[in-house]
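Asks: I am attaching a structure below and will ask some questions about it afterwards.
What follows draws every value from the coordinates through simple rules; no lab data is involved. Being a predicted model, the structure only gives us computed values, none of them experimental. Using ideal geometry, Cβ is built from the backbone for each residue, glycine included, and neighbour counts are taken over all protein chains shown.
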Amino acid sequence: MSERPPVTLTIDGKSVTAAAGTNVLEAAKLVGIRVPNFCYHADLSWEGSCRMCLVGIEGRPKLVPSCCEEVREGMVVHFGRPDAEEARRRQLEFLLVNHPLDCPICDQAGECKLQDYYMEHGGYDSRMPRGLKVHKRKVVDLGDRIMLDKERCVLCSRCVRFCREVSGSHALQFFTRGVTTEIGTENNQPITGDDYIGNVVDICPVGALTSKDFRFKQRVWFLKSAESVCTQCATGCNVRVDHKDGTIYRYVPRRNEAVNKSWMCDYGRDSYALLHEARVTMPRLRLDGGAWHDADWDEALTVVTVRLAEAKAADPASIAVIASARQSNETNWVAARFAREVLGTPHLDYRVDGSQAKTAEMQDKLLRRRDPHPNNAGCAALGLAPAAGMGDVEAILAACEAGKVKVLYVLGLELWTGRSDTDRVARALAKVPCVVVHAAHALPAVDGVAHVILADAEVHEQEGTFVNAQGRVQRFERVMPPAAMARPAAAVLADVAGRLDASLPAGDGSALFAALAAAHPSFAGLTWAGLGRFGAPLPQATPQTVGS
Amino acid sequence: MSTLDTPRGSTAADPSKFWGEAKDAAALEADPTVRVLRAEHGAAMLGVEDFRGDLSVTIRPDDLLLVAQTLKIHPELRYDILADIAGLDNLLLDRTPRFHSVYHFYSTTRKKRVRVHVPLDDAKPAVDSLTPLYKSANWAEREAYDLFGFDFVNHPDLRRILTHEEFVGHPLRKDYPPDRRHMLSRSYSAYPGLEAEHEGRHTLVGADGIERVYVNLGPSHPATHGTLRIQALLDGEIIVDSKTEIGYLHRCFEKMAETHTYTQVFPFTDRLNYISAFNNNVGFAMAVEKLMQVDVPPRAIWIRTLLMEFNRIMDHMICIGTNLVDMGALTNFWYFFNPRERIYELIESTCGARLTVSYGRVGGVAQDIPDGFAEHARRVANEMPEFIAYVDKLATRNVIFQQRTRGTGVVNRENAISWGWSGPNGRASGLDVDLRRDAPYGGYDGLEFAVPVRTDGDTFSRYMVRMQEMHESLRIIHQLLDRGVPAGPHITRDHRVALPEKNRVYGNIEALMNHFKLIMHGFSPPVGEVYSYTETPTGELGFYLVSDGSGKPYRLKVRAPSFYTFAANDEMLRGQMVSDFVAILGTLNIIAGELDR
């Protein structure tokens, strides 16, 4: 398809050049014409059942569905012609003949295509007498995630095609015929064994399929949106974060053709809830075997600075720093410079749980990868792995156990959550006189061994970049300010460096990324703006060690 | 399709045609303004557009002062009034550079308007001040400096005007969050030496070395009728210098409008000139109607015109009534508040509200008038002349009143034009402009009424103009009542903007969806910009409306007549008796809600 030369056609008098194999509907988007459609979806097969996208094409006696019409050289398309407009208006009227009066109680209201198209392309007065509607089953429980309302359905078959072509579960099907046609599962059984079924809620253009998790929690027009990346595996599916008043209500996959198309897995979809769980909201200290107490940042960082200065003066190699594949490139880069330039220790690693070896491995056929961290590839590109001959995480733990490590500085919680040998970690860390942890979430195992816990900002509370398994650098936006007193680790590291009379770059993720791209060959040539909403691949460069 | 998918701005290849509506190029070039500017400043012209009948020219920033001079003095153009300056932040529009300073010029002789866009640098938005040419630029540029951070080079007094001195940032920039708040710690004085006023200082040594008594009038002074503050330096009883400070009632109406749907903006417009709230409703509705090309049914136009004239009478009554109270003539106040009550009853019968009515809607009015409305209106109109006559007899030829008002607070015609005055104040200074006559909108075409103009420009003239205008408004009302209420709907049937009737909402899905979308999302005008203006009781109320195609105004700039009237205050007060201050202020009819927005 891609080998054929692009073709030039005319749509409403505007000339447009589109790749061969594109349909007229997509070509129209290039000149700013949004053709209404229910059944067409960019990542599903062409169906042509809803007839909302009818356009006139010169030389064709009848109107043609633009979603099923490939562009041809010299084609002359009329979208705004009165007969096409009238046909689309009448088609909408057909689709609404049996539609229930549900808007006030429908969770889709506000992001419903029937509503939008009525405003944009309908605008007619109803001719349907009251009481003649064909009714179907409402509130059909389709398992853990989906609620089906059969009479709201416009039979576009997007969900049916999704289950057939993408997830392969064939869970949703058409049943019966004519005016009683409906979608559903065999005997209305709950859907099981489809880890991507949440996507049918997103692609349903009306309120037929709604999310059990999200429905009735929030009206969509109150939500604010930010663009981010899912952090639950190395794929880095692009997501839209919908939030209001400091609470995230849902993730919605954001179309990125190069990464996740329009999809995301249910596991990632649910992970928004984890962001708010058991947050560490202020720094905490435990000094000389005493009890934990809350501290302010100045007190906590004074303790950290004193311990680091003492250990550095005695022997820089008695300090070990563990970076995190759940932190952004910017934070890890600052952490690496903190370890190597400010502290002068060679003991730096990020490979705490062996996940970096699985980055490329797929867990299923579609999107999920076995590596549960979003940024192992970024850490590798930053060259955070110790140089040959130096100790890795296992060596650091061994040194801890041998009592050689005086300060262990840890970003993130993977040392406790990612490893199976929790006893060994606890045993080794018990020997370290000062363990500093940047933690966004409280964890009893950390309380048992740490001495300073620094409240870390979660991913949605800062901006930055991850590198996914494909080597694609992707931005995530700051959705909301950090919870309570939490601070992004990069800013804290720069603060501590300042107290140690050294200097590290500070600023927002965008500023740090600019500094990183200027300083690090792996990221050379990339710019924050250039990454855009969909990211850009890493320039092909061999990972090198940062710092001196 | 969520609102996130709504395209913003135009993708047109020609950057000079941002709003995408091309008029016949030859006709556009033949326009005198375009022709003269091309001939005189060809190199400075970056683009010419005609959208919804508004001529808009984009000018290179370096040439603004010269272009403005040509616009002002060229015999074929003579744009003698700088009506308004609006900042515009293009951050969320598909357009560079980020900032535009937008000027609206008006020619009182040719009755023509032109809009000038000046693109400004993203990092350091700066452009020459127009204060050497137009006095109205003084406050207008201070406002753009305050709300957008534009630097106007050679402005004599560039400091914040609507927000507090301790405000951080520029609130109308698109990256300024609407809910950000600031801690404000203390009060400041425009006279640097007077900041310690709370320590009991009452005098100030001026630049000439003379120590003068300092009087602080307002912000809570009974005669300011609103929160205004004038700091005056006195030589005996003569005001030698003053500093007018406003912003005490600033709500950032324009920022609020950007976060609300078009219909939700109506209650905010009520609170501009709240003495005649309905006129603001109509002014705003007309801007949206111009942008969306909505036809308003004759019945709605009739209702609007009738109520606007009643509101004008009421507004003038309050102005004159309170003005006379301030001069000690309390009886007149009662004579004018009594008929005002009758008008309120009439307004109440239409929408249930009295002061802040929110009765206007895009495409018409919110509800139909009740049965017997015309008779009710006729009754009220017939009561008015008696009360006007009472005040006329008590005040107009009263010696004390004449002595206090004749020759005080004089603004001559030249200054009135330069300050951008309009409405009754402008007409009292010989500025023969009335938009109802000069640019007939709504129902004013075909109505017979005179436009009273006086030339003295003093407090007495302003009083007289208002007294005469009330009679003219009554003439208009009687003509409308004689014609009878037109049949038909009170609001357009256009599904884009008007709510369907409730019985249809409950009866069919189309009307339900229509209602739901209009209430929850509002309507989305096309991408574009318009300037729409009406003659309110205080003068030319203009709405400069920019739409990015979404359900909320991208930018809504109010050209508040009180703002431009009051800008002349310090100049007017110089050399006046301090006791005349209240009489002068009262006659300007400054409404703080409109002044500060």
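Asks: Among A:L96, A:Y118, A:L132, whose Cα sits farthest toward the positive end of the charge dipole of segment A:61-139 (+1 at Cβ of Lys/Arg, -1 at Cβ of Asp/Glu, about the Cα centre)?
Replies: The listed residue farthest towards the positive side: A:L132.
Asks: Kindly provide the helix-only [θ] at 222 nm of chain A, computed as the sum of -39,500 (n - 2.57) over DSSP H runs of four or more divided by all residues, to the nearest 500 deg cm²/dmol?
Replies: The helix-only estimate for chain A comes to -6500 deg cm²/dmol at 222 nm.
Asks: Separation of segment A:292-361 and segment B:358-396 by C-alpha centroid, Å?
Replies: 77
Asks: Also, quick follow-up: Hey, how much of the P(r) for segment A:389-430 falls beyond 12 Å, as a percent of Cα pairs?
Replies: Above the 12 Å cut-off, segment A:389-430 has 61 percent of its Cα pairs.
Asks: Right, another one. Any lysines with Cα under 18 Å of the B:K135 Cα? List them, leaving off those in the same chain fewer than 8 positions away.
Replies: B:K72, B:K243
Asks: Round to a whole angstrom and tell me the spacing of the C-alpha centers of segment B:141-195 and segment B:287-343.
Replies: With segment B:141-195 and segment B:287-343 each reduced to a Cα centre, they are spaced 33 Å.
Asks: Kindly provide log₁₀ I(q)/I(0) values, in the same order as q = 0.16, 0.18, 0.22, 0.25 Å⁻¹, from the Debye equation applied to equal alpha-carbon scatterers of segment B:289-360.
Replies: The calculated log intensity ratios at q = 0.16, 0.18, 0.22, 0.25 Å⁻¹ are -0.66, -0.77, -0.96, -1.10.
Asks: Separate question: May I ask for the angle, rounded to the nearest 10°, between helix A:297-314 and the longest principal axis of chain A, with both axes built from Cα atoms and the value confined to 0 to 90°?
Replies: 50
Asks: Next question. In whole Hz, with x marking every Gly and Pro, tabulate ³J(HN,Hα) for segment A:33-40 from phi via Karplus 6.51 cos²θ - 1.76 cosθ + 1.60, θ = phi - 60°.
Replies: Residue by residue, segment A:33-40 yields 9, 9, 7, x, 7, 10, 7, 6 Hz.
Asks: Could you size up the charge dipole of the protein assembly as shown around its Cα centre, putting +1 on the beta carbon of Lys and Arg and -1 on that of Asp and Glu, and report it in debye to the nearest 20?
Replies: 2140
Asks: Separate question: So what are chain B's ellipsoid semi-axes, whole angstrom, largest first, if each one is the square root of 5 times an eigenvalue of the alpha-carbon gyration tensor?
Replies: Here the semi-axes work out to 36, 33, 23 Å.
Asks: Just tell me how shielded A:111-122 is by partners: mean number of partner chain Cβ atoms within 10 Å of each residue's Cβ, no decimals.
Replies: Partner-chain Cβ atoms within 10 Å, mean over residues of A:111-122: 5.
Asks: Return the inverse of the average 1/r over all pairs of distinct C-alpha atoms in segment B:341-494, which is the Kirkwood hydrodynamic radius, in Å to one decimal.
Replies: 17.9
Asks: Apply the a/c threshold of 1.5 to the C-alpha gyration tensor of segment A:281-431 and tell me whether it is rounded, prolate or oblate.
Replies: prolate
Asks: Report the Cα centroid-to-centroid distance between segment A:39-53 and segment A:61-89 in angstrom, as an integer.
Replies: Taking the Cα centre of each part, segment A:39-53 and segment A:61-89 sit 14 Å apart.
Asks: Say R0 is 30 Å: what FRET efficiency, to the nearest 0.05, do A:R81 and A:T17 get from their beta-carbon distance?
Replies: For R0 = 30 Å, the calculated efficiency reads 0.85.
Asks: Give the residues of segment B:549-579 whose amide nitrogen is closer than 20 Å to a point set 7 Å from the Cα of B:D235 in the direction of its Cβ.
Replies: B:569-579
Asks: Rounded, prolate or oblate: which fits chain A, taking a ≥ b ≥ c as square roots of the Cα gyration tensor eigenvalues, rounded meaning a/c under 1.5, else prolate when a/b beats b/c?
Replies: Taking the square roots of the gyration eigenvalues as a ≥ b ≥ c, chain A is prolate.
Asks: Related question: Starting from the amide H of B:L217, placed 1.01 Å from N in the peptide plane, find each other amide H under 5 Å away whose residue is 5 or more places distant or on another chain.
Replies: Residues meeting the amide H criterion: B:I230, B:Q231, B:A232.
Asks: On to the next question. With a 10 Å Cβ neighbour count serving as the proxy for reagent exposure, in which order, fewest first, do A:L114, A:L101, B:L77 appear?
Replies: A:L101, B:L77, A:L114
Asks: Roughly speaking, what % of Cα-Cα pairs in the protein assembly as shown are separated by over 55 Å, rounded to a whole number?
Replies: Counting every Cα pair in the protein assembly as shown, those more than 55 Å apart make up 32 percent.
Asks: When the Kirkwood radius is taken over all Cα pairs of segment B:189-294, what Stokes-Einstein diffusion coefficient follows at 37 °C and 0.692 mPa s, in µm²/s?
Replies: Answer, rounded: 193 µm²/s.
Asks: For segment B:444-587, just say rounded, prolate or oblate: build the C-alpha gyration tensor, square-root its eigenvalues into a ≥ b ≥ c, call rounded for a/c under 1.5, and beyond that prolate if a/b exceeds b/c, oblate if not.
Replies: It comes out oblate by the Cα gyration axes.
Asks: Here is a follow-up. What is the spread of the Cα atoms of segment A:3-156 along each of their three principal axes, largest first, in whole Å?
Replies: Projected onto the principal axes, the Cα atoms of segment A:3-156 cover 49, 38, 25 Å.
Asks: Report, by chain and number, residues whose modeled amide H sits under 5 Å from the one on B:G364, excluding near sequence neighbours (fewer than 5 apart, same chain).
Replies: Answer set, sorted by chain and number: B:T492.
Asks: Taking 18 Å as the cut-off for C-alpha to C-alpha distance, list the pairs among A:K224/B:K174; A:K113/B:K290; B:K517/B:K552; B:K174/B:K557; A:K261/A:K365 that go past it.
Replies: Beyond 18 Å: A:K113/B:K290.
Asks: Under a no-solvent Debye model with one identical scatterer per Cα of segment A:448-548, what's log10 I(q)/I(0) at q = 0.09, 0.15 Å⁻¹?
Replies: The calculated log intensity ratios at q = 0.09, 0.15 Å⁻¹ are -0.27, -0.73.
Asks: Let me ask you something else. For chain A, what is the relative contact order in percent, using Cα pairs closer than 8 Å and at least 6 residues apart in sequence?
Replies: 11
Asks: As an exercise, take the mean of 1/r over every pair of distinct alpha carbons in segment A:469-512, invert it, and state the Kirkwood radius in angstroms.
Replies: For segment A:469-512, inverting the mean 1/r across all distinct Cα pairs yields 12.5 Å.
Asks: For segment B:227-267, count all C-alpha to C-alpha pairs, find those more than 13 Å apart, and express that count as a whole percent of the total.
Replies: 66
Asks: Sticking with this structure for a sec: With θ set to phi - 60° and the Karplus curve 6.51 cos²θ - 1.76 cosθ + 1.60, what are the ³J(HN,Hα) couplings of segment A:155-167 in order, to the nearest whole Hz, using x for Gly and Pro?
Replies: Calculated HN-Hα couplings, in order: 6, 7, 6, 4, 5, 5, 5, 4, 5, 7, 9, 9, 7 Hz.
Asks: Non-local amide H neighbours of B:F51 (under 5 Å, H modeled in plane, Pro and chain starts lacking H): which ones?
Replies: B:S56
Asks: Continuing with the same structure: Pop out the Kirkwood hydrodynamic radius of segment A:91-219 from its pairwise C-alpha distances, inverse of mean 1/r, in Å to one decimal.
Replies: With all distinct Cα pairs of segment A:91-219 included, I get 15.3 Å.
Asks: Another question, then. Quick one: 3J(HN,Hα) in Hz for segment A:492-501, Karplus 6.51/-1.76/1.60 with θ = phi - 60°, rounded, Gly and Pro as x.
Replies: Values, residue by residue: 5, 4, 5, 4, 4, 4, x, 5, 8, 6 Hz.
Asks: Please report, in whole Å³, the volume per residue of the convex hull around the C-alpha atoms of segment B:119-162.
Replies: Looking at segment B:119-162, the number lands at 66 Å³ per residue.
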